[in-house]
Amino acid sequence: MNREEYLKRLSFLLKDLPEEEIEDAIAYYEDYFEEAGEDKEEQVIRELGSPEKIAKMIRDSVQGNAQQGEYTEEGYRQEAYEDYKQMSKKETKKDQQEKKQYSGWHMKGNRTRNIILMIVILVFVGSWLIPGIFGITIGIIGGVFGSCVGMLFGGLALTGAGIYKMFTTVPYGLLMLGGGFLMIAGGILLLWLLVWICAKAIPWIITKIREIWSRNFGRGCE
(Lines give C-alpha, C1' and ligand atoms only; values in the text may rest on other atoms or scores of the structure.)
Protein backbone atom coordinates (compact mmCIF):
# COMPACT_ATOMS: atom_id res chain seq x y z
CA MET A 1 0.00 0.00 0.00
CA ASN A 2 1.35 3.41 -1.00
CA ARG A 3 0.49 6.92 0.16
CA GLU A 4 -2.39 7.50 -2.27
CA GLU A 5 -4.00 4.15 -1.49
CA TYR A 6 -3.62 4.77 2.24
CA LEU A 7 -5.29 8.20 2.12
CA LYS A 8 -7.99 6.99 -0.25
CA ARG A 9 -8.80 4.12 2.09
CA LEU A 10 -8.85 6.44 5.10
CA SER A 11 -11.17 8.86 3.30
CA PHE A 12 -13.53 6.01 2.42
CA LEU A 13 -13.64 4.80 6.03
CA LEU A 14 -14.54 8.31 7.22
CA LYS A 15 -17.21 8.96 4.57
CA ASP A 16 -20.09 9.12 7.07
CA LEU A 17 -18.41 11.90 9.11
CA PRO A 18 -18.92 15.60 8.49
CA GLU A 19 -17.07 16.83 5.41
CA GLU A 20 -15.03 19.26 7.48
CA GLU A 21 -13.72 16.49 9.71
CA ILE A 22 -12.75 14.38 6.70
CA GLU A 23 -10.94 17.28 5.04
CA ASP A 24 -9.03 18.10 8.24
CA ALA A 25 -7.94 14.50 8.70
CA ILE A 26 -6.88 13.95 5.09
CA ALA A 27 -5.09 17.32 4.97
CA TYR A 28 -3.21 16.52 8.14
CA TYR A 29 -1.98 13.15 6.90
CA GLU A 30 -1.13 14.54 3.47
CA ASP A 31 1.13 17.07 5.21
CA TYR A 32 2.51 14.26 7.36
CA PHE A 33 3.53 12.28 4.28
CA GLU A 34 4.90 15.40 2.59
CA GLU A 35 7.17 16.22 5.52
CA ALA A 36 8.48 12.65 5.67
CA GLY A 37 9.27 12.54 1.94
CA GLU A 38 8.50 10.01 -0.77
CA ASP A 39 11.37 7.72 0.20
CA LYS A 40 9.87 7.22 3.68
CA GLU A 41 6.28 6.46 2.71
CA GLU A 42 6.50 2.82 3.77
CA GLN A 43 8.08 3.77 7.09
CA VAL A 44 5.32 6.32 7.78
CA ILE A 45 2.62 3.75 6.99
CA ARG A 46 4.21 1.27 9.39
CA GLU A 47 4.38 3.91 12.12
CA LEU A 48 0.78 5.04 11.66
CA GLY A 49 -0.70 1.58 11.41
CA SER A 50 -3.61 0.54 9.24
CA PRO A 51 -6.14 3.08 7.88
CA GLU A 52 -8.79 1.20 9.84
CA LYS A 53 -7.02 1.94 13.12
CA ILE A 54 -6.66 5.65 12.35
CA ALA A 55 -10.24 5.88 11.10
CA LYS A 56 -11.58 4.21 14.24
CA MET A 57 -9.75 6.64 16.51
CA ILE A 58 -10.99 9.65 14.54
CA ARG A 59 -14.57 8.36 14.33
CA ASP A 60 -14.69 7.52 18.04
CA SER A 61 -13.45 10.96 18.96
CA VAL A 62 -15.76 12.83 16.59
CA GLN A 63 -18.81 10.77 17.53
CA GLY A 64 -18.08 11.07 21.25
CA ASN A 65 -17.52 7.34 21.84
CA ALA A 66 -14.15 7.88 23.49
CA GLN A 67 -12.05 10.58 25.09
CA GLN A 68 -11.08 13.59 23.04
CA GLY A 69 -8.26 13.02 20.55
CA GLU A 70 -5.88 15.41 18.88
CA TYR A 71 -3.48 15.67 15.94
CA THR A 72 0.14 15.56 17.08
CA GLU A 73 3.53 15.26 15.41
CA GLU A 74 3.24 11.49 15.72
CA GLY A 75 -0.23 11.32 14.16
CA TYR A 76 -3.73 11.33 15.56
CA ARG A 77 -3.48 10.56 19.27
CA GLN A 78 -6.38 9.39 21.39
CA GLU A 79 -5.92 8.95 25.11
CA ALA A 80 -8.19 5.93 25.35
CA TYR A 81 -6.29 4.21 22.57
CA GLU A 82 -2.95 5.00 24.22
CA ASP A 83 -4.24 3.53 27.49
CA TYR A 84 -5.34 0.45 25.61
CA LYS A 85 -1.87 0.04 24.09
CA GLN A 86 -0.22 0.35 27.51
CA MET A 87 -2.61 -2.25 28.93
CA SER A 88 -1.89 -4.58 26.01
CA LYS A 89 1.86 -4.25 26.60
CA LYS A 90 1.41 -5.12 30.28
CA GLU A 91 -0.71 -8.16 29.41
CA THR A 92 1.83 -9.28 26.81
CA LYS A 93 4.66 -8.94 29.33
CA LYS A 94 2.67 -10.93 31.88
CA ASP A 95 2.00 -13.68 29.33
CA GLN A 96 5.70 -13.82 28.48
CA GLN A 97 6.62 -14.16 32.16
CA GLU A 98 4.09 -16.97 32.64
CA LYS A 99 5.36 -18.70 29.52
CA LYS A 100 8.96 -18.39 30.73
CA GLN A 101 7.99 -19.79 34.13
CA TYR A 102 6.18 -22.70 32.52
CA SER A 103 9.17 -23.31 30.25
CA GLY A 104 11.43 -23.43 33.31
CA TRP A 105 9.20 -26.01 34.99
CA HIS A 106 9.04 -27.99 31.76
CA MET A 107 12.83 -28.00 31.35
CA LYS A 108 13.25 -29.00 34.98
CA GLY A 109 10.93 -31.96 34.43
CA ASN A 110 12.82 -32.96 31.29
CA ARG A 111 16.14 -32.75 33.13
CA THR A 112 14.92 -35.04 35.93
CA ARG A 113 13.42 -37.50 33.46
CA ASN A 114 16.60 -37.64 31.37
CA ILE A 115 18.81 -38.16 34.42
CA ILE A 116 16.68 -41.14 35.48
CA LEU A 117 16.74 -42.49 31.93
CA MET A 118 20.54 -42.18 31.77
CA ILE A 119 20.90 -44.10 35.04
CA VAL A 120 18.66 -46.88 33.70
CA ILE A 121 20.66 -47.08 30.47
CA LEU A 122 24.01 -47.14 32.26
CA VAL A 123 22.92 -49.80 34.76
CA PHE A 124 20.79 -52.17 32.69
CA VAL A 125 22.11 -51.61 29.17
CA GLY A 126 25.60 -50.20 29.54
CA SER A 127 26.65 -53.06 31.81
CA TRP A 128 26.54 -55.51 28.90
CA LEU A 129 26.19 -53.40 25.76
CA ILE A 130 29.36 -51.33 26.12
CA PRO A 131 31.59 -54.31 27.00
CA GLY A 132 29.94 -56.26 24.18
CA ILE A 133 30.64 -53.56 21.60
CA PHE A 134 34.18 -53.17 22.91
CA GLY A 135 34.76 -56.93 22.73
CA ILE A 136 33.37 -57.21 19.20
CA THR A 137 35.51 -54.29 18.04
CA ILE A 138 38.67 -55.74 19.55
CA GLY A 139 37.81 -59.14 18.09
CA ILE A 140 37.37 -57.74 14.59
CA ILE A 141 40.59 -55.74 14.79
CA GLY A 142 42.48 -58.72 16.19
CA GLY A 143 41.09 -61.06 13.55
CA VAL A 144 41.93 -58.72 10.69
CA PHE A 145 45.40 -58.09 12.11
CA GLY A 146 46.10 -61.81 12.56
CA SER A 147 44.89 -62.61 9.06
CA CYS A 148 46.96 -59.78 7.64
CA VAL A 149 50.16 -60.94 9.36
CA GLY A 150 49.50 -64.58 8.46
CA MET A 151 48.90 -63.85 4.79
CA LEU A 152 51.90 -61.54 4.49
CA PHE A 153 54.34 -63.97 6.10
CA GLY A 154 52.72 -66.96 4.41
CA GLY A 155 52.94 -65.23 1.05
CA LEU A 156 56.59 -64.36 1.58
CA ALA A 157 57.36 -67.94 2.60
CA LEU A 158 55.47 -69.38 -0.36
CA THR A 159 57.20 -66.97 -2.73
CA GLY A 160 60.60 -68.00 -1.38
CA ALA A 161 59.71 -71.67 -1.72
CA GLY A 162 58.51 -71.07 -5.28
CA ILE A 163 61.79 -69.43 -6.23
CA TYR A 164 63.70 -72.38 -4.78
CA LYS A 165 61.38 -74.87 -6.52
CA MET A 166 61.96 -73.27 -9.92
CA PHE A 167 65.51 -74.63 -9.90
CA THR A 168 64.14 -78.17 -9.89
CA THR A 169 60.57 -78.05 -11.27
CA VAL A 170 59.67 -74.87 -13.09
CA PRO A 171 55.87 -75.37 -13.33
CA TYR A 172 55.53 -76.05 -9.60
CA GLY A 173 57.82 -73.15 -8.85
CA LEU A 174 55.70 -70.76 -10.92
CA LEU A 175 52.52 -72.04 -9.28
CA MET A 176 53.96 -71.46 -5.82
CA LEU A 177 55.16 -68.00 -6.84
CA GLY A 178 51.66 -67.10 -8.03
CA GLY A 179 50.12 -68.33 -4.80
CA GLY A 180 52.68 -66.39 -2.78
CA PHE A 181 51.94 -63.16 -4.66
CA LEU A 182 48.20 -63.64 -4.15
CA MET A 183 48.69 -64.13 -0.42
CA ILE A 184 50.88 -61.01 -0.19
CA ALA A 185 48.24 -59.01 -2.09
CA GLY A 186 45.54 -60.31 0.28
CA GLY A 187 47.67 -59.37 3.28
CA ILE A 188 48.18 -55.85 1.93
CA LEU A 189 44.41 -55.55 1.37
CA LEU A 190 43.70 -56.66 4.93
CA LEU A 191 46.32 -54.20 6.19
CA TRP A 192 44.52 -51.39 4.36
CA LEU A 193 41.21 -52.56 5.87
CA LEU A 194 42.75 -52.54 9.34
CA VAL A 195 44.03 -48.99 8.88
CA TRP A 196 40.61 -47.87 7.61
CA ILE A 197 38.85 -49.42 10.62
CA CYS A 198 41.17 -47.71 13.08
CA ALA A 199 41.34 -44.33 11.31
CA LYS A 200 37.81 -43.96 9.92
CA ALA A 201 35.23 -46.47 11.12
CA ILE A 202 35.89 -46.35 14.87
CA PRO A 203 36.02 -42.50 15.08
CA TRP A 204 32.83 -42.32 12.98
CA ILE A 205 31.01 -44.74 15.31
CA ILE A 206 32.16 -42.78 18.37
CA THR A 207 31.01 -39.50 16.80
CA LYS A 208 27.56 -40.91 15.99
CA ILE A 209 27.16 -42.25 19.52
CA ARG A 210 28.03 -38.82 20.92
CA GLU A 211 25.55 -37.12 18.57
CA ILE A 212 22.75 -39.49 19.59
CA TRP A 213 23.59 -38.98 23.26
CA SER A 214 23.67 -35.18 22.93
CA ARG A 215 20.44 -35.09 20.91
CA ASN A 216 18.50 -37.13 23.47
CA PHE A 217 20.10 -36.14 26.76
CA GLY A 218 22.31 -33.09 26.23
CA ARG A 219 19.58 -30.41 26.16
CA GLY A 220 17.61 -31.84 29.01
CA CYS A 221 20.65 -31.94 31.27
CA GLU A 222 21.77 -28.36 30.70
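Annotation for the range 75-92: at least one member residue is part of a strand (DSSP E or B), at pLDDT below 85 and small (Gly, Ala, Ser). Out of Ile136, Ile140, I need the residue that is touching a residue at least 40 places away in the same chain (Cβ under 8 Å), more than 34 Å from the chain's Cα centre (by Cα), surrounded by fewer than 16 Cβ atoms within 10 Å (Cβ to Cβ) and part of a helix (DSSP H, G or I). Which one? Matching residue, one of Ile136, Ile140: Ile140.
Conditions (1) hydrophobic (A, V, I, L, M, F, W, C); (2) free of Cβ contacts under 8 Å to residues at least 40 places away in the same chain, marked per residue:
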position: Gly154; (1), (2): no, yes
position: Thr159; (1), (2): no, yes
position: Gly162; (1), (2): no, yes
position: Thr168; (1), (2): no, yes
position: Leu177; (1), (2): yes, yes
position: Met183; (1), (2): yes, yes
position: Leu194; (1), (2): yes, no
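Taking the stated definitions as given, is Glu23 modelled with pLDDT of 85 or more, over 21 Å from Arg59 (Cβ atoms) and either in a helix (DSSP H, G or I) or not charged (D, E, K, R) (or both)?
Against the criterion (modelled with pLDDT of 85 or more, over 21 Å from Arg59 (Cβ atoms) and either in a helix (DSSP H, G or I) or not charged (D, E, K, R) (or both)), Glu23 does not qualify.
Report whether or not Ala185 is at pLDDT below 85 and assigned to a helix (DSSP H, G or I). Here the answer is no, as Ala185 does not meet what is asked.
The values are calculated or read from the model by the stated rules, or taken from the named source; none is laboratory data. Because the structure is a prediction, the values reported are computed rather than measured. Every residue, glycine as well, gets a Cβ built from its backbone with ideal geometry; the counts of neighbours run over all protein chains shown.
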